[in-house]
Amino acid sequence: METWEGTELCFPQLLNTSCRKPMRPHFETMLNYILLSSISLLTVALNLLVIISISHFKQLQTTTNLLLLSLAVSDFFVGLLMFFQIVLIDGCWFFGDFMCAVYQYLAYIVTSASIGTMVLISVDRYVAICYPLHYSTKITLARVQVCVCLCWICSVISQGLILRDQLKQPGRSNSCFGQCFFVIDYITGLVDVVVSFIVPITVIVVLYMRVFVVAVSQARAMRSHIAAVTLQQSGKVSAKKSEIKAARNLGLLVVLFLICFCPYYCFALTGQTTYIFAIFLFYFNSCLNPVIYAFFYPWFRKSVKLIVTLKILQPESCDANML
């Protein structure tokens with residue numbers, strides 16, 4: 001319905017209280033729909049393949065892959081929640097205030113859990129490269145499972161505290177009917193950015209700088225016969241080549257994570273309106289992760305082939321050799 005001002009209402013029957021759709025070119029709106037829909041479908045499908053692969057095949061259930069599984073779960077939910085973001089492209093929310101609160105709460109949880117998992121991945125690579133002798137004793141499946149569970153539990157609790165007012169009274173920040181908008185006070189927002197982004201990112205960067213330095217020095221030592229003999233005589237042990245390779249691959253994962261998340265949080269930190277490209281980049285990171293696995297992990301390509309051909313339905317397929 002067109003109003004006298006030439007704008008379209010979200011709910012034409014509510015002339016005085018309905019929100020108005022923003023005036024955008026039709027081409028821009030359709031492009032946003034296509035981009036977000038494509039990213040959403042790819043994110044859900046690819047991360048579902050990762051989840052099935054690691055959950056089904058016993059040989060893939062290692063400590064590092066368990067962290068990748070946690071990351072894939074958070075990325076999978078990001079893909080699902082992206083469908084709600086698609087609804088908001090035209091500026092109208094049609095699912096009510098309660099569903100808006102649930103959507104925002106889940107979005108905060110999976111984002112926080114994703115960042116927490118990235119910190120755990122950095123710690124895992126730090127111990128594997130810098131303390132290879134102690135890795136098998138310090139990083140066990142049981143401890144990783146506990147850490148992953150704590151990561152998700154802390155995300156649920158912390159984001160619940162941050163959004164407690166919005167959850168108690170959904171829609172309190174809305175200025176019109178058909179809006180899905182949250183307003184967090186400045187102090188709470190600042191604490192959230194520091195705790196949920198700045199501190200984890202600092203930990204990730206510091207740990208990976210240390211991993212990079214140690215990995216480079218060990219790679220040089222392995223190329224030099226004299227250095228290798230010296231290390232053997234001194235009783236020192238270097239990380240395996242496979243561990244260094246894993247650190248490199250996961251390092252790429254972390255770098256892309258930083259590139260995709262930083263613009264979004266920079267806008268949030270400065271209090272400016274988040275531009276659409278920052279939102280696209282933020283969501284696109286969840287789609288990139290399984291693409292990286294496909295390029296750098298042979299086990300993922302092999303497991304995808306078994307899943308697509310339905311060979312995982314065969315008896316004892318979970319015991320297949322994937323490495």
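Mind checking whether some residue in region 142-161 is touching a Ser or Thr at 6+ places or on another chain (Cβ under 8 Å), open to solvent by 40 Å² or more (accessible area, probe 1.4 Å) and outside any helix (DSSP H, G or I)? No, because not a single residue in region 142-161 is touching a Ser or Thr at 6+ places or on another chain (Cβ under 8 Å), open to solvent by 40 Å² or more (accessible area, probe 1.4 Å) and outside any helix (DSSP H, G or I). Restricting attention to region 6-62 and to residues that are basic (Lys, Arg) and in contact with a Ser or Thr (Cβ under 7 Å, 6 or more places away or on another chain), the residue that is nearest to Pro290 (Cα to Cα) turns out to be Lys21.
Looking only at residues in region 179-218 that are of a type in the set (S, T, N, Q) and under 20 Å from Ile129 (Cβ atoms), which one is least open to solvent (accessible area, probe 1.4 Å)? Steps first, answer last, please.
As a first pass, look at region 179-218 and keep what is of a type in the set (S, T, N, Q): 179, 188, 196, 202, 217-218.
With the extra rule that they be under 20 Å from Ile129 (Cβ atoms), the set shrinks to 202, 217-218.
On the way: Thr202: 75, Ser217: 60, Gln218: 22 Å².
Among those residues, the one meeting the criterion is Gln218.
Residue check: is Pro12 out of contact with any strand residue (DSSP E or B) (no Cβ under 6 Å at 6 or more places or on another chain) and either among the aliphatic types (A, V, I, L, M) or free of Cβ contacts under 8 Å to residues at least 24 places away in the same chain (or both)? In short, yes.
Mind telling me which of the residues Ala113, Ala72, Ala107 ends up being within 22 Å of Trp152 (Cα to Cα), within 16 Å of the chain's Cα centre (by Cα) and free of Cβ contacts under 8 Å to residues at least 40 places away in the same chain? The conditions single out Ala107.
Scanning region 56-80 for residues that are over 23 Å from Val119 (Cα atoms) and surrounded by fewer than 21 Cβ atoms within 10 Å (Cβ to Cβ) yields His56, Lys58, Gln59, Leu80.
The values are calculated or read from the model by the stated rules, or taken from the named source; none is laboratory data. Quantities reported herein were computed from a predicted structural model and do not represent experimental measurements. All Cβ positions, even for glycine, are placed from backbone atoms using ideal geometry, and neighbour counts span all protein chains on display. Ligands, DNA and RNA are excluded from the accessible area calculation, which covers all protein heavy atoms including side chains. Shrake-Rupley method; radii C 1.70, N 1.55, O 1.52, S 1.80 Å.
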